[in-house]
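Okay, structure first, notes after.
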Amino acid sequence: MVDFSKSWVPVVILIIIIVSTFTFLIFKDNFSTGVRSPSQPLPGCVEMKNDGNYAESIDIVFLADNFENLDKFRKISDEMVKSFFETTPYDEYKDRFNFFRIEKLDNDYNCDYNYGGDAIVCKPGNIKRAAASCPNDYPIVLVDVSGIQKLFQHLRSSAWMGTASLNSDDDPLVFTHEFAHLFADFADEYEFEGDVDWSAPNCDSDLSSCSKFDIVDDHECILGCVNRDHARSIHTGIMRDYWKSKVYGNYNEAILREIIEEDSRPQTSELQKSPLNYVELQYSMGNWNIISVTEGEGFADQFSNDGDLIEIIDSSGNSLASVSLKSPILFSCGHDKDSKPDYSNIIIEGSSYMVGLPILEDSEKIIVKMDDKIVSSHNLNDYDISGVSDGKIINIPEIF
């Protein structure tokens, strides 16, 4: 007589094995340790390369201006990412970068296509607000110059306060050039008799030996970096002429590696889309002043505590979050009608900027600190804006 109470056991075991194997094949990527897990950006944000972990990554988003064809925008942005990852040292850190696109062609970034007669400059505040639907450490506007009347054959691109405005007809390496301005505060390595009034890491005032560059064994010491009072570490690199060179040079690459590893280190908090306070600031007479605060939704700016800061504090004055403010230096870069590098840099009085801060429980004020001194303040409960007079905070009623 057959024992039916046990005859089904092999069948059940076989079913369990099949289901387990099928489940593993589907979800095996999630069983690995240390694997980044992408999360979905907001609608309108398209992933180009998304490894997730936005708080531990360097997030770059492309936006389109003056394009009539979405496929053209996609093609050019893809080419720029490809060129970027073919450049040392970015080719060594592909897992540290995420790339996104805002596939919307009718956004207004208040672009000036004739700044200084031959440069494209879009307003950082407009760019930052539009970019907030993606993780956006560095928003990059690609400008289709077709149909734009220009005095010179090549309109120059620009980098300004954490954003860039690029001539999409230029060599894809224009993105790699401008990114180094934004990311590492690199100066242009061409002599145009400008001023180096910030700590440009790729220029050395030691003209005799270029001791600053000695962190690497193989470097040059070439006169000329913005002006002839400074030297550069390579004769012709991307920061001097990206039409003639595809490398930054050994010293510049070492600096970029250092910043990449610092900026993409593990964070204590995860960056997620959330309700935001959009803070508009203006740079005037050496200070950043809060102009307005409005609510919205998106990805907040990355938290940082270096340099000049915009900070959220509670009623006891404790810091809840802080973001570093970008330099108001406008870099304009490109080539003239004779195909020679044509660069300039200048601090723009009245520069406006936008920062996205998370709306946090217990938050009382948003303050701006420069050299550890409060220079502007916004009370989140009383809806007033404060300025500073003789080192003391004074309340200024906000006008709606």
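The values are calculated or read from the model by the stated rules, or taken from the named source; none is laboratory data. Model, not experiment: these values are computed from the prediction. Reconstructed Cβ throughout: ideal geometry from the backbone, glycine too, with neighbour counts over all protein chains shown.
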Condition first: touching a residue at least 24 places away in the same chain (Cβ under 8 Å), more than 20 Å from residue 238 (Cα to Cα) and in a loop (DSSP other than H, G, I, E, B). Now tell me which residues in the stretch 70-111 satisfy that. 103, 104, 105, 107, 109, 111
Taking the options 176, 163, name whichever one is closer than 28 Å to residue 308 by Cβ and surrounded by fewer than 24 Cβ atoms within 10 Å (Cβ to Cβ). 176
Tally, over the stretch 235-253, of residues that are farther than 15 Å from residue 177 by Cα and either without any contact (Cβ under 8 Å) to a residue 12 or more places away in the chain or aliphatic (A, V, I, L, M) (or both): 0
Could you list all residues from the stretch 273-290 that are closer than 21 Å to residue 130 by Cα and either touching a Lys or Arg at 6+ places or on another chain (Cβ under 9 Å) or surrounded by fewer than 18 Cβ atoms within 10 Å (Cβ to Cβ) (or both)? 274, 275, 278, 280
Could you run through the stretch 182-206 and say how many residues are surrounded by fewer than 21 Cβ atoms within 10 Å (Cβ to Cβ), of a type in the set (A, V, I, L, M, F, W, C) and outside any loop (DSSP other than H, G, I, E, B)? 2
Taking the stretch 210-235 as the search range and keeping residues that are surrounded by fewer than 18 Cβ atoms within 10 Å (Cβ to Cβ) and polar (S, T, N, Q), which one is nearest to the chain's Cα centre (by Cα)? 227
Consider residue 14 carefully, then state whether it is in a helix (DSSP H, G or I) and either over 21 Å from residue 179 (Cβ atoms) or modelled with pLDDT under 50 (or both). yes
Please go through the stretch 45-67 and pick out each residue that is of a type outside the set (Ser, Thr, Tyr) and either part of a loop (DSSP other than H, G, I, E, B) or at positive phi (or both). 50, 51, 52, 53, 66, 67
Of all residues in the stretch 339-363 being outside any strand (DSSP E or B) and within 24 Å of the chain's Cα centre (by Cα), the one that is surrounded by the fewest Cβ atoms within 10 Å (Cβ to Cβ): 350
Some residue of the stretch 238-250 being under 30 Å from residue 368 (Cα atoms), within 20 Å of the chain's Cα centre (by Cα) and buried (at least 18 other Cβ atoms within 10 Å of the Cβ): no
Give the number of residues within the stretch 89-102 that are closer than 24 Å to residue 169 by Cβ and over 18 Å from the mean Cα position of the chain (by Cα). 0
Would a scan of the stretch 251-260 turn up a residue that is out of contact with any Ser or Thr (no Cβ under 7 Å at 6 or more places or on another chain), among the basic types (Lys, Arg) and at pLDDT 95 or above? yes
